[in-house]
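Written out below as C-alpha cells is the structure these notes cover.
Coordinate-derived values only; no laboratory data. Here the structure is a predicted model, which is why all the values come from computation and not from measurement. As a convention, Cβ positions derive from the backbone with ideal geometry for all residues, glycine included, and neighbour counts pool all protein chains shown.
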Amino acid sequence: MVPGAPVVVTGPAPAARPSSAPRLSTLRPPSAIGRAALALAAAPLLALTGCAGTMPRPAPAPLLPAPAPAPAPVQPAPSEPAAALPAMDAPAPAAPADDAARLDRLFADDARSEQALDPLAGLERGERVSAERFRLLFTPELVRRQRELNAEALARLAQIDRAGLDEAHRISFDVFRASKLDEQALLAPATVALTGPRPFNHFGGFHVEFPGLVSAESAMPLDTLADYEARLALDRALPDVFDTAIARFREGIASGVTEPRLTVRNMLAQIDAILATPPAQSTFTSPVRPLARSLRAADRRALAAAFLDVTRDQVYPAYRRLRDFLAGEYYAAAREEPGLSAMPGGEQLYRTLVRQHTTLDLDPAAVHRLGLAEVARIQAEMEQVKQELGFAGPLPAFFDRIRLDPRFHPRSAEELARGFEAVGRKVDALAPRYFVHLPRTPLLVQAYPAYRAQYEAGGSYSQGAPDGSRPGVFYFNTYDLKSRFLSGVTTLYLHEGAPGHHFQISLAQENTALPDFQRFGGNTAYVEGWALYAETLGYEMGLYKDPMQHWGTLDDEMLRAMRLVVDTGIHTQGWSRERAIDYMLANSGMGRTDATAEVERYIANPGQALAYKIGALTIQRLRRKAEAELGARFDIRRFHDQVLMSGALPLPVLEAKIDRWIARERAAPAP
C-alpha cells in the first residue's frame, strides 16, 4: 500500500475526520471576499487531445482564441541532473539576499494578515477563532480592511526586482501578484455591490457549513476547558453573524441584486433539516458527546448544560429568525430567473466570474460553442462503447436503458463503498509508475452526512491536515441510490481521490518549501483541471478496459462538456432550470437527481463549472507538447512532478514552468 491508501467507511467517520474542511467545489482563496474563485493570470487554451494511453481518443476542435502570453517570460534555467526532482523548479543562482528576503517577509506578513481577516479559514485550520473576529463576517468593515491589506501588499511587491530573483521566488512572485490583482478586482466597489448583498446560498453556504465547523469532528481542538469555552463563544456570536447577513440580503432587495428563488427554497429546506434535529442530538451539542476525560467532573456537567442551553436558546432561534426572513421578506423580492443576466450588472459579473474560475478572459458565446463541439465528440465515443455493452439502439434510448437497468446501479451504500475500495487498491499499486512523490496524508472514503446529501453532487473532496495527522476525505453520495451509477465508480475515485484532488492538494500542503499561498491556495482551472486530467490516466492504467467503467468515464467527461453549454446557457442566454436539466438528460446517462443537483449548483456558483474542461485541456496539451518535444526522454513521473510540486499555479505560470523543464530536459546529456 502506498502512503495515503484509502480507508472506506459508510457510517459515521472517526473523530479525527474534519467534517467541514473546505471542499473543492468551494475552494477558498486567501481573501474572505470573492470565495467563489481565485482569479489568476490568463492562460492559453488551444485544441487539445486526451492523454496518450491504451485507448487513443479524438481531439476536440479549436474554438477559442489563445489569449496573450504570460507576462515576464523567464530564461530557461540550467539543466539539472536526471536524478534531481526539486520540489518547485530547477535550482538557479540565488537571488540577491535583500530582494528574496523582502519577498519572503512580504509573503509571511500577508499570510498572517489574511488569516486574521478570514475567520472561516481559521476554523477550518483548527485555530481558536475569537467571537470578535467571527462577528466580522459579512460586514463592510471586513471589506475595508481587506482592501487596505491588498493595496499594501501590491505596493510592497512593486518595490521588489523580480528579475533579480531565483527561479523558485520568481514563480512565487508571479503567483502572488496574480492572486493580489484578482483580490483587487473582487474587492472593487462595483463587484462588491453585486456579491456582498448575496452573502450565501445553498451551495456551500455559511448557514449549512457552520454546524460542521463547530462540531465534535471539526479541526478545532477540544482538549481544555478554554477550548470548549471558545467553541461556545462562537455559538453565542452566531445570532449576530446571521443578523449581519440579513442586513446584506436587505441591501440586495433595495438594489435589485438578489438570489434566485430556487436557491432560497433550497436554503429553507437546509435550515429545516438542521432544525429538525433536537438540540440535544444536534451537531452543535456534539462537542460534549463525549467530553474530554481530562476535565473535572463539575466542569463536564457545566459544559454539557451550557452547550444545550446555547443551542436551544440562541443557535436554533437564530436559524429560525434567518428562515423566517428568507421565507417571507426575501423570497418575495428574489428573482424568478436563475441566470445572472436577469440581475442588474449580472452580465458583467458573469464575465468576471468566468475569468476568476478559468484564468481566461473568455467570451461566453465561444465557451458555449466549445461545449457543443465537445458534446458531439464525446457522443461519438459513446456510440462505440454502447455497442460493447450489447446495445444496438440509438444513444438516447441507451441513456434511458441504463437509468433503469439494475446492473448499473448500487443496491446499497456498502456496494458503492466496496467499489471505491477496489479501485483504490489498483491505484495504490500503479501510482509509483506515474508519480515520484506520493502523499503522506491518508485518504478516507465517506458517505455524505444525511443532512447534506440531497443538495450535493455525486462526490467531493475535503482536504486533510498538512502534517498528515488528519485524513483527506472523499465524500460520495448515497441519497436516492437508484439514481447513482456503479459505472462511475472508477472515474469518480480518480477525480476526487487518488490521483486527483487528494494527490494534488496533499502534495502541495505537505511541501513546506512553498509559501502558504502556494501550499493552500489555488485556482479552479488548475485544481479541477488536474482532477479531470487524473480521470484520463485511467486509460493508460488499464482501468477502463471494462466497458461499463469506460462508459462511466465518458459519461463524466460528457458532464464537464455539458457544463460549458449549460452554465453559459443559464447565465447569458436565459435558459431556465428545466431547460438545463432536460439538456443534460438528453445528452448523457445522468439520472434526474444528479442532473438537478448539477444544474442547481451552476445556478448558485456561476462560472465555476467551466474551469474543469478548460484546465484539463491545458494540462493535456502541455503533456502532449512535452511528449512530442522530448520523445524517448519524456518521463511521465517527472512531468507530473513539474505539474504538481509547486502548488496550484495560474495556467500561464504552469505553462512557462513546463516549457523551461522541456528545455532543460532537451539540453541535458543523453542518459
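Normalised radius of gyration (Cα atoms, divided by 2.2 N^0.38 Å) for segment 615-671: 1.06. For segment 568-606, the residues whose backbone nitrogen is under 17 Å from a point 7 Å from the Cα of ASP400, taken along Cα to Cβ, are 582-592. Value of Rg to Rh for segment 521-571, rounded to two decimals, is 1.07; Kirkwood radius and Rg both from alpha-carbon coordinates.
Mean separation of Cα pairs under 8 Å and 6 or more residues apart, divided by the residue count, gives segment 461-536 a relative contact order of 31 percent.
Could you tell me whether segment 166-275 comes out rounded, prolate or oblate from its Cα gyration tensor? Rule is a ≥ b ≥ c as square roots of the eigenvalues, rounded for a/c under 1.5, then prolate if a/b exceeds b/c, otherwise oblate. Oblate is the answer for segment 166-275, as a/c is 1.5 or above yet b/c matches or exceeds a/b.
Straightening the chain between ILE253 and ALA413 buys 53.3 nm, computed as 0.36 nm per residue apart minus the Cα-Cα spacing.
For the chain, the share of DSSP beta bridges that are antiparallel, to the nearest 5, is 35%. Rounded to the nearest whole angstrom, the semi-axes of the ellipsoid equivalent to segment 346-418, taken from the Cα gyration tensor as √(5λ), stand at 35, 20, 10, largest first.
Each peptide among 342-352, 259-269 gets the average number of other Cβ atoms lying within 10 Å of its residues, and from highest to lowest they stand as 259-269, 342-352. Extension gain, ALA513 to ARG293, is 75.4 nm, computed as 0.36 nm per intervening residue step minus the present C-alpha separation. Ranked by the mean number of other Cβ atoms within 10 Å of their residues, highest first, the peptides 174-186, 583-595 come out as 174-186, 583-595.
As an equivalent ellipsoid, segment 261-340 spans semi-axes of 36, 12, 8 angstrom, where each value is the square root of five times an eigenvalue of the C-alpha gyration tensor, largest first. Each peptide among 630-638, 514-522, 480-488 gets the average number of other Cβ atoms lying within 10 Å of its residues, and from highest to lowest they stand as 514-522, 480-488, 630-638. Overall form of segment 513-598: oblate. Here a/c, set by the Cα gyration tensor axes a ≥ b ≥ c, is 1.5 or more, and a/b is not larger than b/c.
Between ALA185 and ALA101, the distance separating the two model label sites (each 7 Å from Cα on the Cα→Cβ line) works out to 3.6 nm.
Considering every Cα-Cα pair within segment 103-229, what fraction, in whole percent, is farther apart than 25 Å? Here the tail beyond 25 Å accounts for 39 percent of pairs. Normalised radius of gyration (Cα atoms, divided by 2.2 N^0.38 Å) for segment 132-190: 1.37. Across segment 106-157, C-alpha contacts under 8 Å between residues 6 or more apart give a mean separation that, scaled by the residue count, equals a relative contact order of 45 percent. Between GLU629 and ALA586, the simple label model (points 7 Å from Cα in the Cβ direction) yields a spacing of 4.3 nm.
If the chain linking ALA327 and ARG145 were pulled fully straight, counting 0.36 nm for each residue of separation and taking away their Cα-Cα distance, it would gain 62.3 nm. Among [x] 3, 15, 23, 21, 16, 12, 7, 2, 0, 0; [y] 3, 10, 13, 12, 9, 8, 8, 8, 7, 6, 5, 4, 2, 1, 1, 1, 0, 0, 0; [z] 3, 16, 27, 28, 19, 7, 1, 0, which one is P(r) over Cα pairs in 10 Å bins from 0, in percent computed from these coordinates? Correct label is [z].
Across segment 339-388, the convex hull enclosing all Cα atoms gives 94 Å³ per residue. Measuring nothing but how far apart in sequence close Cα pairs (under 8 Å, 6+ apart) lie, relative to its length, the chain scores a relative contact order of 24 percent.
The magnitude of the dipole of segment 117-274, with charges of +1 and -1 set on the Cβ of Lys/Arg and Asp/Glu and taken from the Cα centre, is near 540 debye. By the Kirkwood approach, averaging reciprocal distances over each pair of separate Cα atoms, segment 576-671 gets a hydrodynamic radius of 16.2 Å. A cut-off under 12 angstrom between Cβ atoms defines the neighbours of PRO140, and their net charge, with Lys, Arg +1 and Asp, Glu -1, is +2. Normalised Debye scattering of segment 382-468 at q = 0.18, 0.24 Å⁻¹ gives log10 I(q)/I(0) of -1.06, -1.20, counting only Cα atoms as equal scatterers and leaving out solvent.
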